[in-house]
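Everything below concerns the one structure shown next.
The values are calculated or read from the model by the stated rules, or taken from the named source; none is laboratory data. Here the structure is a predicted model, which is why all the values come from computation and not from measurement. Quick reminder, even Gly has a Cβ in these numbers, built from the backbone with ideal geometry, and neighbours come from all protein chains shown. Protein only, heavy atoms only, side chains kept; ligands, DNA and RNA dropped before computing areas. Shrake-Rupley method; radii C 1.70, N 1.55, O 1.52, S 1.80 Å.
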Amino acid sequence: METVLSGIRPTGNLHLGNYYGALVNFIKMQEENNCFFFIADWHSLTTHPDPKMLHENVRNVLSEYLAAGLDPDKATIYLQSDVKEIAELYLLLNMHAYLGELAKTVSFKEKARQNPHNVNAGLLTYPVLQAADILIHKALKVPVGKDQEQHLEMTRNYAKRFNSKYGVDFFPEPTAYNFGSELIKIPGLDGSGKMGKSEGNCIYLHDDAKTIEKKVKKALTDQGPTEPNQVKPDYIENLFTILRVVSKPEVVAYFEEKWNTCGIRYGDLKKQLAEDIIAVTTPIRERIINIRSDNECLRKVITEGAGKARESASKTIKDVREIMGFKAF
Ligand code: AMP
């Protein structure tokens, strides 16, 4: 059993890409590992969220992750701001994080360029808070996307730097969690390569059947193939990519055959695709509605999660204080 940690940003709702690209793997991961999943509410402050919206967003992502299958009996699910030990470790690690290296971080430079009027110190030290999130549980594995690899590298540097500065072998060096197979990328229905919130092309897990039908109906298509076994243009291949994920193999084979023999009717393909997406999302959507309004359930999950997370975090911070010279009288 390895300790694995993953952060969830409390922004927006979960879409089909999040589900197949991340959640399905998290659900498997929690069976085999000591998993910590936290909602990164402190991290979200770099963009100054509306205080009313902050709580709503946290409630949303918590409800959606639980509805999709994260299990508080198998994993520790908690709110970052409930574990003050993380803030203490962040402060301590900041003393070993240098301006030069932080300012060079790709994500910092990108965010600073996008929002030149809000280049705050929290944004600059974002990788240090991320390192604190990971090191507070001495996590060994972190599932990260390509854009986060540099942050994980920085976490390893802070761990090494701490160990060497104080002459200890205390923090392990975390590495990327390997899901074993290639990660699935869910494309957009608008012909773009990726389904994403900022692309505005998402099918959300909370979308009802009518909304999904409408979105699929609007997907980009053309006149159809003009010769047998023609290579599909990207926007048609995208529909097949989603079909391969949500539909039975015989359904996929049926439409492949229709394509190859120039007999495909996009109306039929879209109808089937919408139906199979709806079959996946409907049970999740129903659970989202139930969980979201069940304050007692949410409070229990978050309180118990905070308890378990703090138990792990307080052990680490106690040792860190000792190592750094904070001793009791
Ligand atoms: P985001 O909400 O865009 O930060 O995405 C959170 C995580 O969901 C990412 O790190 C990916 O693992 C996954 N993800 C997001 N969009 C997609 C997509 N279109 N296909 C596959 N995985 C995705």
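Worth a mention:
- Qualifying residue in region 32-41 (condition: under 23 Å from I284 (Cβ atoms) and part of a helix (DSSP H, G or I)): yes
- Each residue in region 149-182 was checked for being surrounded by 12 or more Cβ atoms within 10 Å (Cβ to Cβ) and either assigned to a loop (DSSP other than H, G, I, E, B) or hydrophobic (A, V, I, L, M, F, W, C) (or both), and 13 of them qualify.
- Tallying residues that are outside any loop (DSSP other than H, G, I, E, B), within 24 Å of G21 (Cβ to Cβ) and open to solvent by 20 Å² or more (accessible area, probe 1.4 Å) within region 201-216 yields 6.
- Of all residues in region 1-14, exactly one satisfies the criterion of being open to solvent by less than 20 Å² (accessible area, probe 1.4 Å) and either in a helix (DSSP H, G or I) or over 24 Å from N178 (Cβ atoms) (or both), namely P10.
- Against the numbered list (1) touching a Pro at 6+ places or on another chain (Cβ under 9 Å); (2) more than 24 Å from A75 (Cβ to Cβ), I134 comes up short only at (2).
Every residue, every condition in (1) part of a loop (DSSP other than H, G, I, E, B); (2) more than 30 Å from A274 (Cβ to Cβ); (3) open to solvent by 40 Å² or more (accessible area, probe 1.4 Å); (4) not small (G, A, S), yes or no:
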site	(1), (2), (3), (4)
D147	no, yes, yes, yes
I184	yes, no, yes, yes
P187	yes, no, no, yes
K197	yes, no, yes, yes
Q223	yes, no, yes, yes
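- Exactly one residue out of I277, I288 is in contact (Cβ under 8 Å) with a residue 24 or more places away in the chain, buried (at least 19 other Cβ atoms within 10 Å of the Cβ), of a type in the set (A, V, I, L, M, F, W, C) and farther than 27 Å from N34 by Cα: that is I277.
- Positions within region 291-329 being closer than 30 Å to H96 by Cβ, open to solvent by less than 90 Å² (accessible area, probe 1.4 Å) and outside any helix (DSSP H, G or I), in sequence order: G325
- Which listed residue, of N163, N201, N178, is without any contact (Cβ under 8 Å) to a residue 40 or more places away in the chain and within 20 Å of I242 (Cα to Cα): N201
- Taken together, K165, K138 contain a single residue that is at pLDDT 95 or above and closer than 24 Å to N25 by Cβ, which is K138.
- Residue among E213, E256, E275 that is out of contact with any Asp or Glu (no Cβ under 9 Å at 6 or more places or on another chain) and either under 24 Å from N60 (Cα atoms) or charged (D, E, K, R) (or both): E256
- Counting only residues that are without any contact (Cβ under 8 Å) to a residue 12 or more places away in the chain and among the acidic types (D, E), region 108-143 holds 1 of them.
- Screening region 121-143 for residues that are outside any helix (DSSP H, G or I) and open to solvent by 40 Å² or more (accessible area, probe 1.4 Å) and picking the one that is nearest to the ligand (Cβ to nearest atom) gives K141.
A quick yes/no check of all residues on (1) closer than 29 Å to A112 by Cβ; (2) modelled with pLDDT of 95 or more:
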| residue | (1), (2) |
| --- | --- |
| H48 | yes, no |
| L66 | no, yes |
| D71 | no, yes |
| L92 | yes, yes |
